[in-house]
Every structure is written in C-alpha cells, then in structure tokens.
Amino acid sequence: MPRERDRKTGGAALGAQLRTFGANMRATRQTAGLTQQALSQAAQLDRAAISFIERAQRAPDLGTLLRIARALHTTPGELLRDIGMSGPSLRGPRDGSLSHEPAGRFGANLRWARRRARVSQETLALEANVDRAAISVYEHGRREPNLRTIMKLADALDVPAATLLVGVK
C-alpha cells in the first residue's frame, strides 16, 4: 500500500504536494508581476526563503504562509489548490464565535475535521505520523503547524489541505 507508506513516512506524496505548493506560489507571484525580491520585501522574508519554498526545499510555518498569501493578495487556500484529495474544499465549522487568530482558527478546523472523521487524537497522530500532544496543542490554538504538518493531517483526515485553513487570515 503506497498510500499508507507515504502517510507514515511523509514520502513521495508529501514531496509532490510541497512541489505543487511551490509551483502555485511561483505562478501567483509571477501573475502579480513580482520578483522573488519584491515578494520577500512585501512579506518581510528573506529572498532565499522565498526561493527555498518555491523549490519545495522548505515548508513554511503557518505564520509565514499567511504573510506570503497577504503579500500576494490571495488566500492560503488558493495557494493550496490541487493539493491533497481532489474535490471542493469542505466548509469547516460554522460557529461564528470561533477564534479569529490563525492558530485558534486552524485548531477549530482541525478539531472539526477530526470529529467529522470520527477519529481520536491518538488515531490521527498514528495516521499522520504527528505527535499526539502536538495535535492537542494545535486544536487548542496554542501553536501553529508548518505546511508539511498541515498536509500530513489533511491526508490522514481525507480532506483537502485548504479545508484546514478555511477562515485562517
């Protein structure tokens, strides 16, 4: 079962997803008429970081992903198009009282997706090869994951990666 092996190791499938993200970011940057240097200034990041992300040599953390999306005048979900399972992004939780902080909103989306899949934190941790305590911390909005972790969690929950970032700004 290659899919199971990729899930557990973060192997080829995760690498392909990171390359797709980098290509999406590059295409969006070029459409906006920005150089890597201009994007790095707008996002307040080192130009080398932009290059590493576009070449899938680095997975940005959630804060960096949000800075890039803002600088490109797009959404994190748009940068994650064509990543993970196919089909439309799910709406996510509909509670208007959810946190507007990125970590809090991501945590609410993760908790919603995990409950929707009817799996425990322990089961999700095993499926995604992510520490169970980290899942709890994410769900409580106390820490922001990196893109690699977001992709692993989305894959294990069989949702598009963009679903875990619905409403994250």
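Here, each number is a calculation from the coordinates, and none is a lab measurement. Just so we're clear, the structure is a prediction, and the values are computed from it rather than from any experiment. All Cβ positions, even for glycine, are placed from backbone atoms using ideal geometry, and neighbour counts span all protein chains on display.
Taken one residue at a time, the phi angles of region 155-169 give Karplus couplings (6.51, -1.76, 1.60, θ = phi - 60°) of 4, 5, 8, 6, 10, x, 4, 4, 4, 6, 10, 4, x, 7, 10 Hz. Gly and Pro are set to x. Remark: region 126-143, residue by residue, has Karplus-estimated 3J(HN,Hα) of 5, 5, 8, 6, 10, 4, 4, 5, 5, 4, 4, 4, 4, 5, 8, x, 9, 7 Hz, where x stands for each Gly or Pro and the curve is 6.51 cos²θ - 1.76 cosθ + 1.60 at θ = phi - 60°.
Helix 102-116 and the longest principal axis of the C-alpha atoms of the chain enclose an angle of approximately 40°.
For the listed peptides 104-115, 68-79, 38-49, 153-164, a ranking on the average number of other beta carbons within 10 Å per residue, highest first, reads 153-164, 104-115, 68-79, 38-49. For residue 61, the amide hydrogen comes within under 5 Å of the amide hydrogens of 147, counting only partners 5 or more places away or on other chains and with H modelled in the peptide plane. Taking every C-alpha pair closer than 8 Å and separated by at least 6 residues, the mean separation divided by the residue count of the chain gives a relative contact order of 29 percent.
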